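**Student:** Got a structure here, written out as structure tokens. Questions coming.
Just so it is clear, none of the values below were taken in a lab; they were calculated from the coordinates. Small disclaimer: the values here were computed from a predicted structure and weren't measured. Backbone-built Cβ (ideal geometry, glycine too); neighbour counts: all protein chains shown.
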Amino acid sequence: MVQVVVKLPGAKNGETKEWAMIELQGTLETRHPVPLSGRFIGDLHFTHKDVPVLIIGHHILYGKVVTLEKPYGIMVKESSDEETGGPPTYNITAVIKKKLLFKTRPKPIIANVPKKI
């Protein structure tokens, strides 16, 4: 068993930032096999009824907001004091309490082109 020191530094008024995570069913594939880390994937919008809408390329996905049973903590490890042999310290920078779940198949976005007569 290892002892871990966790600090909860507040952003404003002693509150920790709240993030949300996105869950997609399936895989994201690109034309060229490049890593997606740090790249623009798509646009996230919310309707007037707070329904999340994700637009990726020429596809649109409709989702829902789900509250997590157990929240996740986003922790950043501080450098430990190796001279004293103390345990490392972790700062919690954010908490994830909700996720945006997109479990339906994406629908293609098709432009309405009028037919010529």
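**Student:** Given R₀ = 35 Å, FRET efficiency for T47-N91 by Cβ-Cβ distance, to 0.05? Each step should come with its number before you reach the end.
**Tutor:** Values: r = 36 Å, r/R0 = 1.02.
Working from the Cβ atoms, E equals 0.45.
**Student:** For a label point 7 Å from the Cα of K17 along Cα→C-beta, name the residues of the stretch 88-104 whose backbone N is under 13 Å from it.
**Tutor:** Answer for this model: 92-96.
**Student:** Using the structure shown, select from K17/K49; K77/K99; K77/K97; K77/K107; K64/K115 the pairs with a Cα to Cα distance greater than 32 angstrom.
**Tutor:** Values: K17/K49 24 Å; K77/K99 24 Å; K77/K97 21 Å; K77/K107 41 Å; K64/K115 36 Å.
Where the Cα-Cα span goes over 32 Å, the pairs concerned are K77/K107; K64/K115.
**Student:** Expressed in nm to one decimal, what extension gain is obtained for the pair F40 and I110 from 0.36 nm per residue of sequence separation less their Cα-Cα distance? If you can, show how the numbers build up before the last one.
**Tutor:** On the way: separation 70, 0.36 × 70 = 25.20 nm, distance 2.16 nm.
Computed gain between F40 and I110 is 23.0 nm.
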